[in-house]
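Reviewing the structure listed below.
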């Protein structure tokens, strides 16, 4: 029987690990920077913006199409949200699900928040929701044994498709 290779390389993961230190050094939040730099939406993979929220592709996705729906303001707790912000977050999540359904045609989706670092929040002080498209049979040995993910599409290519769909849906001017 063939042996499983003891080394599975995921060099993109180191970029994520280094980014955590980089965020702390800059005394800033990447979501706040993205909000404040609308001219860089393509580079930051921001798909669309509303008055209080924006949709951005996860730079280190769990799977293809992993979107973050983030508040425009640096708030980390539901208790700090106005009714308008809370409503807009929900609408933006709904719209993100619709765009992903049109572009990627997933069989299902995981939608949720990680509240607090112990719950998995990499950025616990800036509230954001995750939308993760899922397909039947997408659990495979890579994630289970190798703690690695297989992402079949480039972020820039998918960003173009998502923005086109968001425009067609009236989410982008």
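Worth a mention:
- Ratio Rg/Rh [Cα only; Rh per Kirkwood] for the range 44-139: 0.96
- For the pair residue 134 and residue 36, a Förster radius of 41 Å applied to the C-beta separation gives a FRET efficiency near 0.80, rounded to the nearest 0.05.
- Among 69, 131, the order by Cβ neighbours within 10 angstrom, fewest to most, reads 131, 69.
- Extending 7 Å from the Cα toward the beta-carbon at both residue 115 and residue 86 defines two label points whose distance is 1.1 nm.
FYI, it's all coordinate maths here, none of it is from the lab. Worth saying up front: this structure is predicted, and the values here are computed from it rather than measured. We place every Cβ from the backbone using ideal geometry, glycine too, and count neighbours over all the protein chains shown.
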